[in-house]
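Have a look at the structure below before the remarks.
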Amino acid sequence: MKIVEKIWGKMIDRRIAEYQSDLIEKHCEEVQHIYKTMRGWRHDYHNHIQTLLALCGDEERTREYLWKLNDDLTTVDTVIKTGNVMIDAILNSKISLMKSKGIGASAKAIVPEKLSVSEIDLCTIIGNLLDNAMEAVLRQDEGSERFVRIFIGILKEQLYISVYNSIGGELKKNRNQYLSTKSGNNHGFGLGRVDYIVEKYKGFVNRQNEEGVFATEILLPMD
């Protein structure tokens with residue numbers, strides 16, 4: 001019996017290590033994308049300075065250019081502000097990465113200041129949901145509509161999280177449980193982490209799909 005427990009323990013440790021490796025890889029990709037975006041902004045900023053210097057002495061054209069630049073910055077400023085810095089960070093990084101891959105991503109999120117759920121657990125839930133959604137969308141055929149919609153707010157005095165994403169093809173199910181369509185031993189581990197955390201806080205999770213859309217809804221107690 002001890003040998004079986006020892007082997008099982010090693011298998012779990014390996015799955016956790018592989019899962020963490022996947023997370024690190026995803027985070028590196030997100031950081032690289034943010035870095036490229038910042039380099040682009042730096043390049044644009046340099047060009048804007050050069051243009052403004054060239055317009056010195058022409059007050060009317062300088063003012064006109066500054067107004068156009070202000071409009072452009074307003075369009076670019078799609079940063080999501082939920083009221084929680086950690087949630088802001090993970091939402092913005094994931095959505096930025098999705099958009100770089102041609103996925104139509106949008107979010108509406110408000111996170112209350114006082115939560116019974118730890119920020120780490122909440123980030124784990126959101127991160128896994130968005131990773132699964134993005135991977136499902138990227139498996140769609142080219143030319144099909146690809147989107148992810150996120151909503152976080154209060155519903156019946158509970159924290160409500162919903163993620164809707166487009167899908168292509170049939171989803172695998174075992175009885176009432178959806179299965180990961182990814183390959184590898186550690187795939188599907190993220191879904192298990194979400195379920196574990198929701199159960200930990202005595203919350204509720206619901207997954208369903210219809211007409212090319214997959215939805216996950218989660219309710220977590222506020223106190």
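The values are calculated or read from the model by the stated rules, or taken from the named source; none is laboratory data. These numbers were taken from a predicted model, which means no experiment stands behind them. Backbone-built Cβ (ideal geometry, glycine too); neighbour counts: all protein chains shown.
Restricting attention to the stretch 206-223, which residues are surrounded by fewer than 13 Cβ atoms within 10 Å (Cβ to Cβ) and at pLDDT 95 or above?
Within the stretch 206-223, none qualify.
I need every pair where a residue in the stretch 147-162 that is farther than 19 Å from residue 104 by Cα has its Cβ under 8 Å from the Cβ of a residue that is buried (at least 16 other Cβ atoms within 10 Å of the Cβ) and small (Gly, Ala, Ser), sequence separation at least 6 or different chains.
Qualifying pairs under 8 Å: 153/109; 158/203.
For the structure I just gave you, tell me whether residue 89 is touching a strand residue (DSSP E or B) at 6+ places or on another chain (Cβ under 9 Å) and among the hydrophobic types (A, V, I, L, M, F, W, C). Working first, answer last.
Values: touching a strand residue (DSSP E or B) at 6+ places or on another chain (Cβ under 9 Å): no; among the hydrophobic types (A, V, I, L, M, F, W, C): yes.
Spelling it out, it is not the case that residue 89 is touching a strand residue (DSSP E or B) at 6+ places or on another chain (Cβ under 9 Å) and among the hydrophobic types (A, V, I, L, M, F, W, C).
One line per residue, one yes/no per condition, for (1) surrounded by fewer than 17 Cβ atoms within 10 Å (Cβ to Cβ); (2) closer than 22 Å to residue 206 by Cα:
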position: 102; (1), (2): yes, no
position: 107; (1), (2): no, yes
position: 121; (1), (2): no, yes
position: 129; (1), (2): no, yes
position: 132; (1), (2): no, yes
position: 136; (1), (2): no, yes
position: 155; (1), (2): yes, yes
position: 163; (1), (2): no, yes
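So which residues in the stretch 43-81 are modelled with pLDDT of 70 or more, under 30 Å from residue 125 (Cβ atoms) and loosely packed, with under 14 Cβ neighbours inside 10 Å, if there are any at all?
Residue satisfying the conditions is 81 alone.
Any idea how many residues of the stretch 110-141 are among the β-branched types (Val, Ile, Thr) and in contact (Cβ under 8 Å) with a residue 60 or more places away in the chain?
Counting residues in the stretch 110-141 that are among the β-branched types (Val, Ile, Thr) and in contact (Cβ under 8 Å) with a residue 60 or more places away in the chain gives 3.
Please tell me if residue 170 is of a type in the set (D, E, K, R) and modelled with pLDDT under 90.
When the stated conditions are applied, residue 170 passes them.
Of the residues in the stretch 174-205, how many are at pLDDT 80 or above, aromatic (Phe, Trp, Tyr) and touching a strand residue (DSSP E or B) at 6+ places or on another chain (Cβ under 8 Å)?
Adding up the residues that qualify gives 2.
On the basis of being under 18 Å from residue 203 (Cβ atoms), in contact (Cβ under 8 Å) with a residue 60 or more places away in the chain, surrounded by 20 or more Cβ atoms within 10 Å (Cβ to Cβ) and of a type in the set (S, T, N, Q), does residue 84 make the cut?
no
Give the stretch 123-161 a look and list any residue that's among the hydroxyl-bearing types (Ser, Thr, Tyr) and either touching a Leu at 6+ places or on another chain (Cβ under 9 Å) or within 19 Å of residue 195 (Cβ to Cβ) (or both), or say none.
Selection gives 124, 160.
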